[in-house]
Each structure stands twice: as C-alpha cells, then as structure tokens.
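Enquirer: I have a structure I would like to understand better, so I am pasting it below and will then ask my questions one at a time.
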Amino acid sequence: MKDVAALDAADPLRTMRERFELPAGVIYLDGNSLGPPPKAAFAELEQAARQEWGEGLIRSWNSAGWFTLTDVLGDRVGRLIGAEPGQTVVTDTTSINIYKALHAALALRPDRTVILAEADSFPTDLYMAESVAAARPGTSLRLMAADEPVESLVDERTAVVLVNHVDYRSGVLRDMASLTRRVQAAGALVVWDLCHSVGALLIDLDGANVDFAVGCTYKYLNGGPGAPAFVFVARRHHDRLVQPLSGWWAHAQPFAMANRYQPASGIRRMLCGTQPILSLRALKAALDVFDDVDLVELRAKSLALTGLFMDLLDPICREFGMHIITPRDPAIRGSHVSVACEHGYEVVQALIARGIIGDFRAPDIMRFGFTPLYLRYRDVLDAAKALADILRRGAWQEPRFAVRSLVA
C-alpha cells in the first residue's frame, strides 16, 4: 500500500485545494461533470453584479470590458489547449458550438457530404450532428464503432469527423495528433470535443494541426453550472469561415446597425448573440486559478490519482464481480475511472450518502473523476475503502438508493 500521507506532502499542487469551496466531509469525485467553485468566483460575481451591473449599468459594456470577454477568456482557454491567441472564443454552449463547427467544416469541403462520428459519442454530439445533416440537403451522418479504425471509414465523401478526445464513459484517450493526421490525409477535417480533457490533460491543438475544437468550461475548468463553452478554429481557416448562426456579435460592425450581415474577421465569426456576462465573470475567476498551474504537473497528478484508484479497486472488483473499463495504459487514459457494476446506480447513491460523490452512466457504469487541483491521495484511499465497505455490508440494497432522480 502506498503511503498517501507522503504522496500528499510531496504533491506540488497541494496548495491549490485551498482555492476551492469544498463542503466539509465530502470527497468530490464528480469534477468531470461539474467542478466546485473557486472561492474567488463569489467576489467576481459580487463585483460584476453590484458594481458593474448595479452601478455601471450599460456603461460597463465598455468600462468593465464586457463586450470583449469572449475574446479575452478565449485566449486564456487557448493557453490550456495549446492554441495561439486569436483562435479561440468562449461563447454559447457545447451543443451550439458543435452545430456551428460542423456547418463550418462542411462549408470548407463543399464537394463532400458525409459527417463521420462515434456511435458511442456523448449524445449531444450525435444529436447536433443529426441536426446539421438534416439542415443540409444531401448530407448524411455515418456512425463508427469504437473498434473501427477511422482511416478505413474516411473516404472521398467524408467532409468532417467529429470525435471525442476522451470517451465520456470509458475514459479512453485518443491520440489527437495521429488521428488528425490520418483524417486530413484523406482530405477531411476534424472537430475535436475536449469536454472531458480540458483542464486535466495536456492538449496541443496547434501542434496536432487540429482544424476545429469545442469544449465546456464547467467540468475540470470549474467555471460553474451552465458556464459558457468555447470553440477553436485554426487560423488557416478563418478567411473562409462560414457558420449558420450569424448573430450580431459576429458582425464586422455590430453597432453600425446595418440590415445586412457582414462577418467579422477572424475567430469572432464563430460568435452569435449576446453573451451571459455574469457566467463569463465566474469563469474568469476559475481561469485565474490555472495561471498558477504547471500543466505537466497537473497531468502527472491526474495519472497518479487514477492509477492509485485502479490499484485499490483491483481486489474489490475481483471480490464483487466488477470490471474497470478505463485503460491502465497512461498514454490512453483520461482523468476519470469507470467501473462496470450490475447495480452501479444503487452503489453510487450509497456512496453519495456517505459524502463520496461520483456519478452513474447507463447502463451500468460508475464514474469517478479525479481533478488534480483539489483532490488528495488520501481522498482516493478513503473512497476505495468506503466502496469496499458498502459492497461487503450490502448497504447499497437499501430501497432509497434505487429511487431514480431526474438528474442521474
């Protein structure tokens, strides 16, 4: 057994935990779904609401820099995803950004009509791909199985491949550079979904020559519930960039009040309408935390936490017939660990009742997210011990744990 006290004492990120509001007695293993609030977010929201909105009123669009937050925060997210400035904006939701990015990719490949996506993708990705295909006559959506090599499916009809960097169920991490290279060699473009990797992994969009990427900011980035998402477009595509939601924030002269649309230059073409300023300000506080984080150390701790948890779970899985579906190989592992368990929903609810918060994904997956900024090695040990105790005592069989909530 590893000495978790020694690991915590040697952790270069150990002081980051103090910057988050975490309830006493809770081990939070669901930051891969919703990160906890940075303490500074409360002051940021107070200032934005009371001073800037309450006193500055409409003047704050200029004096507080509200109008350019999409760009300023976009470049800050860009640093975390390996993108040079001017290629990323924070805006809208992941779903809307997928819709815009797929349309833009199809417009760049007008002689091609197929969208290729993973059959096991996060559902909203598939829903939006279906919508894009339905909106463009002659366009179709093709789904690929997890074990199908992408290069064997991309042909002369494929315009764009929509793919997840980390699989939301299994935690499998795809090789971004290799897959991008293979898809582009066949003449298609790639849209990467970074929702389950940004803020926990090393990402190098420019180095991998990525075309498009989207992602949310409320998971490992801790931007708050419903925080705006982001979209990246490689600079080489900007001059020909067209997307269907041509709102006024993406206009070249939004306050000229022209009655015909003229797109802005660069990445601002991916904007649409007025943005949620209070949510953007909460995200600013969350990104401030990352200014003091070494991303190499972040990834190293992510792998250490997930590796420790899997080691601790091995004997428990053998005893109770469970199965870890997350890869052992660090090169293809994200920052959450998924365990197949016949009564996974009930077991997760029993854990939550003990203050250990993970989540469940149908049909039988227990997911545990490991956010390096605030989790300790002793939390991992305590969570594994609690899981073993719940299973051995049969505590999960209490009827209350089988009651399904609206949000699983």
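The values are calculated or read from the model by the stated rules, or taken from the named source; none is laboratory data. Bear in mind that the values here come from a model prediction, so they are computed numbers and not experimental data. Here the Cβ is made from the backbone with ideal geometry for all residues, glycine too, and neighbour counts use every protein chain on show. Accessible surface areas use protein heavy atoms only, side chains included; no ligands, DNA or RNA. Shrake-Rupley method; radii C 1.70, N 1.55, O 1.52, S 1.80 Å.
Enquirer: If I model a spin label as a point 7 Å beyond the Cα along the Cα-Cβ vector, how far apart are those points for Ala264 and Thr124 in nm?
Expert: Inter-label distance under the simple model: 2.2 nm.
Enquirer: In square angstrom, rounded to the nearest 10, how much accessible surface does Phe20 have for a 1.4 Å probe?
Expert: Accessible area, nearest 10 Å²: 10 Å².
Enquirer: Let a ≥ b ≥ c be the square roots of the eigenvalues of the Cα gyration tensor of the stretch 149-284; is it rounded (a/c under 1.5), or, if not, prolate (a/b larger than b/c) or oblate?
Expert: Taking the square roots of the gyration eigenvalues as a ≥ b ≥ c, the stretch 149-284 is oblate.
Enquirer: Do the sum for the chain: with -39,500 (n - 2.57) for every DSSP H run of n ≥ 4, divided by all residues, what is the mean residue ellipticity at 222 nm, to the nearest 500 deg cm²/dmol?
Expert: Rounded to the nearest 500, it is -10500 deg cm²/dmol.
Enquirer: Over all directions, what mean area does the Cα convex hull of the stretch 155-234 project, stated in square nanometres?
Expert: Numbers: hull surface 22.3 nm².
In nm², the orientation-averaged hull projection of the stretch 155-234 is 5.6.
Enquirer: What relative contact order, as a whole-number percentage, does the chain give when Cα pairs under 8 Å and 6 or more residues apart are counted? Intermediate results must be reported in sequence, preceding the final value.
Expert: Working: 772 pairs, mean separation 89.4, N = 408.
Relative contact order for the chain comes out at 22 percent.
Enquirer: How big is the accessible area of Trp248 in square angstrom, nearest 10, if you roll a 1.4 angstrom probe over the protein chains?
Expert: Estimated to the nearest 10 Å², Trp248 gives 100 Å².
Enquirer: Let me ask something additional. Of the listed peptides 213-219, 112-118, 151-157, what is their order by residue-averaged count of other C-beta atoms within 10 Å, with the highest listed first?
Expert: Taking the mean over residues of other Cβ atoms within 10 Å, the ranking is 213-219, 112-118, 151-157.
Enquirer: Can you sort Tyr374, Tyr28 by solvent-accessible area, 1.4 Å probe, largest first?
Expert: Tyr28, Tyr374
Enquirer: Once you order the gyration tensor axes a ≥ b ≥ c over the Cα atoms, which shape class does the stretch 1-123 get: rounded for a/c under 1.5, otherwise prolate or oblate by comparing a/b with b/c?
Expert: oblate
Enquirer: Let me check something: with ligands and nucleic acids excluded, how do Trp61, Trp53 order by accessible area (1.4 Å probe), largest to smallest?
Expert: Descending accessible area places them as Trp53, Trp61.
Enquirer: Now for a separate question. Sorted by accessible area (1.4 Å probe), largest first, how do Asp364, Asp294, Asp3 line up?
Expert: Asp3, Asp294, Asp364
Enquirer: Can you say what percent of the DSSP beta bridges in the stretch 54-204, counting only those with both residues inside, are antiparallel? Round to 5.
Expert: 5
Enquirer: Also, I was wondering about something else. Quick one: net charge around Pro263, please, counting Lys, Arg +1 and Asp, Glu -1 for every other residue with C-beta under 14 Å from its C-beta.
Expert: Net charge in that neighbourhood comes out at +4.
Enquirer: May I ask you to derive the relative contact order of the stretch 125-210, considering only C-alpha pairs under 8 Å and at least 6 residues apart, and to give it as an integer percent?
Expert: Computed over the stretch 125-210, the figure is 28 percent.
Enquirer: Sticking with this structure for a sec: Excluding residues on the same chain fewer than 8 positions from Lys39, give the lysines whose Cα lies under 17 Å from its Cα.
Expert: List returned: Lys219, Lys284.
Enquirer: If you don't mind, another one. Give me the number: length gained by fully extending His238 to Thr274, i.e. 0.36 nm times residue separation minus the C-alpha to C-alpha distance, one decimal in nm.
Expert: Taking His238 through Thr274 to full extension adds about 10.8 nm, to one decimal.
Enquirer: Sticking with this structure for a sec: So how long is each side of the stretch 325-408 along the principal axes, counting just the alpha-carbon atoms, biggest first, in Å?
Expert: Largest to smallest, the principal-axis extents are 40, 27, 24 Å.
Enquirer: In Å and whole numbers, how far do the C-alpha atoms of the stretch 212-334 stretch along each principal axis, longest first?
Expert: The Cα atoms of the stretch 212-334 stretch 68, 29, 28 Å along the principal axes, largest first.
Enquirer: Also: When the accessible area of the stretch 229-380 is split by element with a 1.4 Å probe, what percent falls to carbon and sulfur?
Expert: Numbers: 3210 of 5980 Å².
Carbon with sulfur: 54 percent of the solvent-accessible area.
Enquirer: Could you tell me how many cubic angstrom of Cα convex hull volume the stretch 101-169 has per residue?
Expert: Output value, Cα hull per residue: 82 Å³.
Enquirer: To the nearest 10 degrees, how steep is helix 94-108 against the longest Cα principal axis of the chain, on a 0 to 90 scale?
Expert: Between helix and principal axis, roughly 50 degrees.
Enquirer: Calculate how many DSSP beta bridges within the chain are antiparallel, expressed in % of all such bridges and rounded to the nearest 5.
Expert: 50
Enquirer: At a probe radius of 1.4 Å, what is the per-residue accessible area of His323, in Å² to the nearest 10?
Expert: 110
Enquirer: On to the next question. Taking only Cα atoms, what is the 0 to 90° angle, nearest 10, from helix 176-185's long axis to the longest principal axis of the chain?
Expert: That works out to roughly 40 degrees.
Enquirer: Below 8 Å between Cα atoms, with a sequence gap of 6+, how large is the relative contact order for the stretch 177-293 in percent?
Expert: 22
Enquirer: Order of 352-362, 90-100 by packing, highest average Cβ count within 10 Å first?
Expert: Packing proxy ranking, top to bottom: 90-100, 352-362.
Enquirer: Only bridges with both residues in the stretch 133-272 count here: give the DSSP antiparallel percent, nearest 5. Don't jump to the answer; show the numbers that get you there.
Expert: On the way: 6 of 14 bridges.
The answer is about 45 percent antiparallel.
Enquirer: Can you give me the accessible area per residue for the chain, using a 1.4 Å probe, in Å²?
Expert: Roughly 42 Å² per residue, with all protein chains present.
Enquirer: Here's another thing I want to ask about it. For a bin width of 10 Å, list the pair-distance distribution of the chain built from all Cα-Cα distances, rounded to whole %.
Expert: 5, 22, 30, 25, 14, 4, 0
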